[in-house]
1. If R₀ is 51 angstrom, what is the calculated FRET efficiency for the pair A:ASN6 and A:GLU114, using the beta carbon separation as r and rounding to 0.05?
2. Round to the nearest 10 and give me the degree value, 0 to 90, for the angle of helix A:144-169's Cα axis relative to the longest principal axis of chain A.
3. For helix A:56-78, report the angle its Cα long axis makes with the longest principal axis of the Cα atoms of chain A; keep it between 0 and 90° and round to the nearest 10°.
4. Between B:ALA91 and A:ARG73, what FRET efficiency comes out of the Förster formula 1/(1 + (r/R0)^6) with R0 = 41 Å and r the beta carbon distance, rounded to 0.05?
5. Multiply the residue gap between A:ASP100 and A:ASP29 by 0.36 nm, knock off their C-alpha separation, and tell me the result in nm, one decimal place.
6. What FRET efficiency do you get for B:LYS23 and B:ALA82 if R0 is 51 Å and r is their Cβ-Cβ distance, rounded to the nearest 0.05?
7. Within 10 Å of each Cβ of B:85-98, how many other protein chain Cβ atoms are there on average?
8. Taking H placed 1.01 Å from N in the peptide plane, check which residues at least 5 places from B:LEU15 or on another chain put their amide H under 5 Å from its amide H.
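Throughout, read-outs are computed from the coordinates displayed, never taken from laboratory work. Bear in mind the structure is a predicted one, so any value in this text is a computation, not a measurement. Every residue, glycine among them, receives a Cβ derived from its backbone with ideal geometry; neighbour counts consider all protein chains shown.
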Amino acid sequence: MAAPLNLERLYEKHAQALFAFLLNLTRHDTDTRDLLQDLFIRLARRPDLLDDVRDERAFLLRMAHNLALDLIRRRSTREKNYERFAAEVPALFAPSLDADEAVFRRRLQEALAELPTDQRAVLHLKLWENLTFDAIAEALGIPANTAASRYRYGLDKLRQKLRPLYEEIK
Amino acid sequence: MKADDLEQRMRDLPLRQLPAEWKGPILKAAREAALRTAGATTVTSSVFGWCKMLSNLSARLAATRHPTPDTRPALLWPCPRAWAGLAVVWAGILAFQWVSADTEPAVIAQDNAPPSPSLLQMVKEQRQRLAQLTGQWEAPAEPARAYRPKPKSERQLDWSFA
C-alpha cells in the first residue's frame with residue numbers, strides 16, 4: 001500500500017490555483033468548494049495517483065477540470081434554468097478600491113461567464129497559470145492546436161465585449 | 001484597443017483568494033475518507049501486495065537473463081525483504097508437510113492392519129479350551145457337504161438305479 005500523502009503540503013501548494021480554476025469553470029462558490037473537497041478526498045483515498053507524476057500542478061488541474069465537467073453536465077440536465085435564476089456571477093478577481101478598475105473587473109468576469117466552458121478553461125490556464133499550449137493540451141486532454149484555437153477565439157470574444165468599456169475608460 | 005493590452009491587463013489581475021476557513025473542513029473530510037478506505041481495503045491490499053511482490057520478483061528474474069546496466073545494480077533491491085518473506089512462507093509449508101507426514105501413515109497402518117493367521121488360531125484354541133473347561137464345549141458337527149451336481153452321464157445312471 002502506498003504511503004499516505006502529505007495533504008497539507010498539497011493544499012498549501014495547489015489549493016489556491018485549483019480554487020481559482022474551479023471558480024472560473026463553475027461560476028458558483030458552493031460547487032467550487034464541493035469540487036475542491038472531492039478532489040482532496042480522491043487524493044487521500046488514492047495516494048498512489050501522484051506516484052509517477054512529473055508535474056503535480058498540471059495533474060491536479062486536469063483532475064479539477066474533469067470534476068468540473070462532470071458537474072456541469074449533471075447541472076445542465078437537472079437545472080436548465082440555473083443560469084437565469086443565479087443571483088450573481090461570483091467574483092473571480094480580488095476587489096479593487098479604484099472605481100474604474102472595479103467596473104472593468106466586474107465586466108470582465110461577466111464576459112468570461114458568457115464564454116463556452118472549454119474556451120474559459122484554456123484562457124484561465126494560459127493567462128493565470130501561465131501554461132504553454134502544450135501543457136494546456138496535456139492538462140485538458142486536447143491537441144495543442146485546439147488549445148491555441150480556443151484561446152484565440154475566447155480572447156477575440158472578450159475584446160469585442162469589452163471594447164466599449166475599454167474605450168470609455170480611456 | 002491594442003491586441004496585447006487586454007491580454008496583459010488580464011494577466012496582471014489578482015485572482016480572488018481562497019477562503020481560509022475552507023482548509024480545515026476540506027482536509028478533515030479527506031483524512032476521514034482515507035481512514036475509511038484504509039480500513040476497508042486492509043485484507044485485499046495484503047493479498048494484492050503479495051501478488052505484486054511475486055510479479056515484481058518474476059520481472060527481476062527475467063531481467064537477469066538479459067541484464068542491462070540499469071537492472072544489474074538494482075537486482076538486490078528491495079529483494080532482501082521479499083526473499084525473506086518468501087523464505088518464511090516456504091519454511092512454513094515445509095514444516096507443515098513434515099509434521100503431517102510423520103503421523104498419518106502410522107495411523108493408517110495401525111488401523112488397517114489385519115490380524116495374523118497365527119494369532120487367529122491362538123484365539124480359536126483358547127476359546128475351545130475355555131469351553132471344555134466350562135462344560136459348554138460340544139464336538140463340532142460334521143460340516144454339511146456342499147452340494148455338487150454330478151455330471152449328466154452319472155446322473156442318468158443314478159436314475160436308472162433309483
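1. 0.80
2. Around 40 degrees separate the two axes.
3. Its long axis makes an angle of about 70 degrees.
4. E between A:ARG73 and B:ALA91, to the nearest 0.05, is 0.15.
5. Using 0.36 nm per residue and subtracting the Cα-Cα distance, I get 23.0 nm.
6. Calculated value: 0.80.
7. 0
8. A:ALA94
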